[in-house]
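*Asks:* Mind having a look at this structure? Questions to follow.
Read-outs throughout are calculated quantities, based only on the coordinates presented, and are distinct from any laboratory measurement. Worth saying up front: this structure is predicted, and the values here are computed from it rather than measured. FYI the Cβ positions are ideal-geometry reconstructions off the backbone, even for glycines, and counts take in every protein chain you see.
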Amino acid sequence: MPDPAPETPEEAPEDGVAVAAEGMLAAQDDGELELPYWLTSTEEAANTTFRQMVRRLPALLREAWLLGWRASRRTTVAVLLLQVAAGGAAAVGLISVVGVLDGLLLAGPTPERVRAAVPSLLLLIVALAVRGLLASAATAAHGRLSPMVYEAAEMRLMDLTTRVDLATFDDPSWRDAMERARDRGISAAQQVVDHGIEVLTHLVGLAAAAGVLAVLHPALLPMLVLAVAPTAWAAVRSAKLGYRSKLRLIAVWRRQRMLAYLLAAREPAAELRAFTVRRFLLTEVGRLLRISTLEEIRVIGRVVRTNLAGQALSGLATGLAYLMLFWLLWTGRMELAAAGAAAYAINLGIGKLSELAFTANRVYEQGLYFADFQGFCEMSWARAEPEPAADAPTAFREIRLDGVTFSYPDAERPAVNGVAMTLRRGQIVALVGENGSGKSTLAAVLAGLYRPQKGTVTWDGVDVSRFGPERMRERVAVVMQEPTRWPLSARLNIAIGRHDRPATLAAVQESARAGDAHEFVVELPRQYETLLSRHFTDGADLSGGQWQRLAVSRAFHRDAPLLICDEPTANLDARAEHEVYRRLRDLAAGRTVVLITHRMASVREADRIYVLDHGAIVEEGDHEELMAAAGLYAQLFTLQADAYRTA
Ligand SMILES: Nc1ncnc2c1ncn2[C@@H]1O[C@H](COP(=O)(O)OP(=O)(O)OP(=O)(O)O)[C@@H](O)[C@H]1O
């Protein structure tokens, strides 16, 4: 049977829905094109001048070397010394060329001239060999330093990203900064170091050529600079053309990457097929790819023309430099031997200057993204959680909240507003309220994930702000509303709840039984060692309810004095739900359990119930008291109970 012909994006928009949807996406593009998320760097780059670039270069190089220094002092010093030494050897080689020419162009019989040139020739050979060896050693050291810098930059970013408090994650400006730093900042850090080293290499070579020229005739030096200025101009202009093009394309790339992800990822694969949206997405990806291809072709044409102009002007200036040399020779201001050496030095110097201009431009270009990386590091450091102060107690009798208010960044009104409550050891405390009433946020405050802007949270009278946040969280176990599906083995998915202590399989199994997970885990192909991720060979996936049972087991395994369960049974079947609540009651002995659930039947068992509305506590008491009060709680309870009765 012949293979079905692959559909090309051009064939795709054949039905009205696809065309209408295409129009919809195209309309959205305009909005995104206005505000690409890395606009700041690009704008700065696009508007830069040559002078600004030269002025910024030393600071960038300093930062680059500092980064290398932090990654590995020994390797950084080795690279520096080897580069300088290789440059020194190159200078000796250049001077010996002068010696050779001097000897050969002497007046007198040829054998004598050759003999006079021999010592310099030997020196030249030795200098070239030494330079070759040193340059190879420098390349090897550089090769070691470069990945170390990448590793250090990546680790620094990860370290700072995980150090900031949870509220920072809700701040869009910080998230933007993180995207920029992650997207290009890390590789830029590495490249700034790489090109920074190249700048040094070219500087040493240039210094050698310039030194020789200055000795031979100082007037030749400005000619050298003149010869390379147009190439430098062309490099900066080409880079700017590149930035502007990226500025135009970034929104297109982002959208294309997003759609490409949707086409290839596992999660949307079922829906993509069920809704037959494949063609529609392929059309859109094809359209976006074409936009960027055409733009890149357009830009490369302009870059080639710019570089051609730069090279032509540089060639003209080089010709002038040689004319000047002839003039110096003609007017007897320079010996023939010196002129030969000068020609050689000019050639070498122009080569080094061109390379220097190109590399400096690369440093600057990457420096813009590197600045994003540094900016993010500084921003995150300022928001890092404080280092542990006082140690949190291993257990407590009472947690008290007083006038606790918490607002998300940029939110118009607080998500938790002036909450006062008391939680005692051995109690199950339920938080009840409609969607968005602030239950999860309050639970996060209790777990020490958010710091309230107003009010206090105390454990046995001690303000928790005095405890180091990490230490405090070690005393808390949380079952999240959407528990994380760790791509680890089933055993580790539970043991990670107490990853700091060695966990025996028996202990893990006990927690799994408590969370009602043991039964299905032993049915997995490799039981507790089964990798729970379909992204890897032999990995298995679980149902939503099974993941939730694992999360409950993980929380049990943590064995903390405060257990917070945010909708722990949302995906559970009736039997599993019943089991979890039965065990919660056992677990509450000696602990405090905070329970958030919309299943009112489970709430009724709680020792104390707090009803939230718009972030504030509007009712509190046990089930009987609240029913008698005939308020919001009684309304919610009766609604659900009626639904069951009529069903
Ligand atoms: N990360 C966030 N950033 C900004 N606002 C948020 C964030 N999370 C929640 N909110 C807002 O805070 C308010 C309280 O949300 P919260 O999730 O605490 O409610 P909830 O009572 O747990 O709701 P549900 O029953 O739907 O889980 C809502 O108005 C919500 O829009």
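*Asks:* Tell me the relative contact order for the stretch 475-559 as a rounded percent, counting alpha carbon contacts under 8 Å between residues six or more apart.
*Replies:* Values: 112 pairs, mean separation 38.5, N = 85.
Once divided by the residue count of the stretch 475-559, the mean separation gives 45 percent.
*Asks:* Here's a follow-up. Could you state the orientation-averaged shadow area of the convex hull built on the Cα atoms of the stretch 228-285, in nm² to one decimal?
*Replies:* Values: hull surface 20.8 nm².
If you wrap the Cα atoms of the stretch 228-285 in a convex hull and average its projections, you get 5.2 nm².
*Asks:* What is the ratio of the Cα radius of gyration of the stretch 567-609 to 2.2 N^0.38 Å, where N is its residue count, to two decimals? Please list the in-between numbers first.
*Replies:* Values: Rg = 10.0 Å, N = 43, 2.2 N^0.38 = 9.2 Å.
This ratio for the stretch 567-609 stands at 1.09.
*Asks:* Something else: Compute the length gained on full extension between D541 and A641: take 0.36 nm times their separation in residues and subtract their Cα-Cα distance, giving the result in nm to one decimal.
*Replies:* Details: separation 100, 0.36 × 100 = 36.00 nm, distance 3.50 nm.
Using 0.36 nm per residue and subtracting the Cα-Cα distance, I get 32.5 nm.
*Asks:* Semi-axes, largest first, in whole Å: what does sqrt of 5 times each Cα gyration tensor eigenvalue give for the chain? Show your work: numbers first, answer last.
*Replies:* Details: eigenvalues 943, 180, 114 Å².
The three semi-axes for the chain are 69, 30, 24 Å.
*Asks:* Sorted from largest down, give the three principal axis spans of the alpha carbons of the stretch 423-582, whole angstrom values.
*Replies:* 51, 36, 30
*Asks:* Quick check on the chain: of the DSSP beta bridges with both residues there, what percent are antiparallel, nearest 5%? Intermediate results must be reported in sequence, preceding the final value.
*Replies:* Working: 20 of 39 bridges.
Percentage antiparallel, nearest 5: 50.
*Asks:* Rank the residues I496, I197 as a footprinting-exposure proxy: fewest other Cβ atoms within 10 Å of their Cβ go first. Please list the in-between numbers first.
*Replies:* Details: I496 15, I197 26.
Result, fewest neighbours first: I496, I197.
*Asks:* In what sequence, highest mean first, do 96-103, 481-488 appear when ranked by Cβ atoms within 10 angstrom? Don't skip to the end; give the middle numbers.
*Replies:* Details: 96-103: 20.8, 481-488: 15.2.
Those peptides, ordered most packed to least, come out 96-103, 481-488.
*Asks:* Helices from the chain with mean Kyte-Doolittle at least 0.5 and a Cα length along the axis of 27 Å or more, per DSSP H: which?
*Replies:* Helices passing the filter in the chain: 73-104, 110-163, 186-216, 220-264, 278-330.
*Asks:* Using mean Cβ contacts within 10 Å as the protection proxy, how do 147-155, 307-315, 206-214 order, highest first?
*Replies:* Numbers: 147-155: 17.6, 307-315: 16.0, 206-214: 20.0.
Ranking the peptides 147-155, 307-315, 206-214 by packing returns 206-214, 147-155, 307-315.
*Asks:* Follow-up. Order of 595-601, 395-401, 325-331 by packing, highest average Cβ count within 10 Å first? Mind showing how you got there, number by number?
*Replies:* Values: 595-601: 19.4, 395-401: 17.4, 325-331: 14.3.
Ranking, from highest mean packing down: 595-601, 395-401, 325-331.
*Asks:* Largest first and in whole Å, give the semi-axes of the stretch 476-559's equivalent ellipsoid, each being the square root of 5 times a Cα gyration tensor eigenvalue. Provide the component values of the computation, followed by the final result.
*Replies:* On the way: eigenvalues 64, 39, 28 Å².
Whole-Å semi-axes of the equivalent ellipsoid: 18, 14, 12.
*Asks:* Something else now. What are the extents of the Cα atoms of the stretch 491-647 along their three principal axes, in Å, largest first?
*Replies:* 55, 37, 27
*Asks:* With an 8 Å cut-off on Cα pairs and a minimum separation of 6 or more residues, tell me the relative contact order of the chain in percent. Walk me through the numbers on the way to the answer.
*Replies:* On the way: 942 pairs, mean separation 96.1, N = 647.
Over the chain, the number comes to 15 percent.
*Asks:* Send over the semi-axes of the stretch 563-647's equivalent ellipsoid, whole angstrom and largest first, taken as the square roots of 5 times the C-alpha gyration tensor eigenvalues. Could the numbers behind the result be given before it?
*Replies:* On the way: eigenvalues 87, 63, 27 Å².
Over the Cα atoms of the stretch 563-647, the ellipsoid semi-axes are 21, 18, 12 Å.
*Asks:* Next question. What shape does the stretch 206-260 have by the C-alpha gyration tensor, where a ≥ b ≥ c are the square roots of the eigenvalues, rounded means a/c under 1.5, and otherwise prolate means a/b greater than b/c and oblate the rest?
*Replies:* Numbers: a/c = 9.90, a/b = 4.04, b/c = 2.45.
It is prolate, given that a/c is not under 1.5 and a/b is the larger ratio.
*Asks:* Still on this structure: Give me the compactness ratio for the stretch 220-336, meaning the Cα radius of gyration over 2.2 N^0.38 Å. Write out the running numbers ahead of the final one.
*Replies:* On the way: Rg = 25.8 Å, N = 117, 2.2 N^0.38 = 13.4 Å.
That ratio works out to 1.92.
*Asks:* Oh, and also: In Å, the Kirkwood hydrodynamic radius of the stretch 115-209 over pairs of distinct alpha carbons? Before the final figure, lay out each step's value.
*Replies:* On the way: mean 1/r = 0.0590 Å⁻¹.
In the stretch 115-209 this quantity evaluates to 16.9 Å.
*Asks:* Mind checking the log10 I(q)/I(0) for the stretch 433-509 at q = 0.20, 0.27 Å⁻¹? Debye, one equal scatterer per Cα, no solvent, two decimals.
*Replies:* Cα-only, vacuum Debye calculation for the stretch 433-509: -0.99, -1.28.
*Asks:* Run the simple label-point estimate for R333 and S465 please: 7 Å along Cα→C-beta, distance reported in nm.
*Replies:* About 7.5 nm separates the two model spin labels.
*Asks:* Okay, moving on. How would you classify the stretch 439-480 from its alpha-carbon gyration tensor, with a ≥ b ≥ c the square roots of the eigenvalues: rounded for a/c under 1.5, else prolate if a/b is greater than b/c, otherwise oblate? Kindly include the intermediate steps, with their values, before the conclusion.
*Replies:* Values: a/c = 1.83, a/b = 1.17, b/c = 1.57.
Cα axes put the stretch 439-480 in the oblate bin.
*Asks:* Within straight cross-link reach of K454, meaning Cα distance under 20 Å, which lysines are found once same-chain residues fewer than 8 apart are removed?
*Replies:* Filter leaves K439.
*Asks:* Still on this model: Kindly put S553, S489, S543 in sequence by how many other C-beta atoms sit within 10 Å of each C-beta, fewest to most.
*Replies:* On the way: S553 28, S489 21, S543 11.
So the ranking, lowest neighbour count to highest, is S543, S489, S553.
*Asks:* Cross-link partners among aspartates and glutamates for K352, C-alpha distance below 12 Å, same-chain residues fewer than 8 apart left out?
*Replies:* E198
*Asks:* Please give the per residue volume of the convex hull enclosing the alpha carbon atoms of the stretch 305-417, rounded to a whole number of Å³.
*Replies:* That works out to 263 Å³ per residue.
*Asks:* Treat the count of other C-beta atoms within 10 Å as a stand-in for reagent exposure and order K439, K352, K454, K246 from fewest to most.
*Replies:* On the way: K439 28, K352 24, K454 14, K246 21.
So the residues, fewest neighbours to most, are K454, K246, K352, K439.
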